[in-house]
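The block underneath contains the structure these notes are about, expressed in structure tokens.
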Amino acid sequence: MNHIHKNPLFDLGQTVATPGAIEVLQALNISPTSLLCRHQCGDWGDLCDEDQAENKYALSHGYRLFSSYKITETIKIWVITEADRSVTTLLLPEDY
């Protein structure tokens, strides 16, 4: 079961996005802030139970955090926060 918090669980650090992610979000009129808030509050999006459990472990042990949001049938946006919480990046899977 997904336990989503209303308050932020960790610092995002500097937020950045790849040109591809920016283009998709702008074209579909989706706020990057909405995805960042979901990520920061523990809504990891469309991850399997194993990946969600890995994020829970990473949260308490200082490892990288990963979310995946299905924007359309064919487009996903990934959000990755580095282990040291210095940077969070929005990107398309093909940008990785």
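Each value in this text was obtained by applying a stated rule to the coordinates, not by laboratory testing. Remember, it's a predicted structure, so these values are computed and weren't measured experimentally. Neighbour counts run over all protein chains shown; Cβ positions are idealised from the backbone, glycine included.
By the helix-only formula, in which each DSSP H run with n ≥ 4 contributes -39500 (n - 2.57) and the sum is divided by residues, the chain has a 222 nm mean residue ellipticity of -9500 deg cm²/dmol. Extension gain for the segment Val87 to Glu73, taken as residue separation times 0.36 nm less the Cα-Cα distance, is 2.2 nm to one decimal. Here the spin labels are modelled as points 7 Å beyond Cα on the Cα-Cβ line, and at Arg38 and Ala58 they lie 1.6 nm apart.
For the chain, the relative contact order comes to 34 percent (Cα pairs under 8 Å, sequence separation of at least 6). Model label sites at Asp46 and Tyr96, defined 7 Å from Cα along the beta-carbon direction, differ in position by 1.3 nm. Take the Cα of Ala27, go 7 Å toward its beta carbon, and the backbone nitrogen atoms of the range 58-84 under 19 Å from that spot belong to 69-79. Looking at the chain, the DSSP beta bridges with both ends there are about 65 percent antiparallel.
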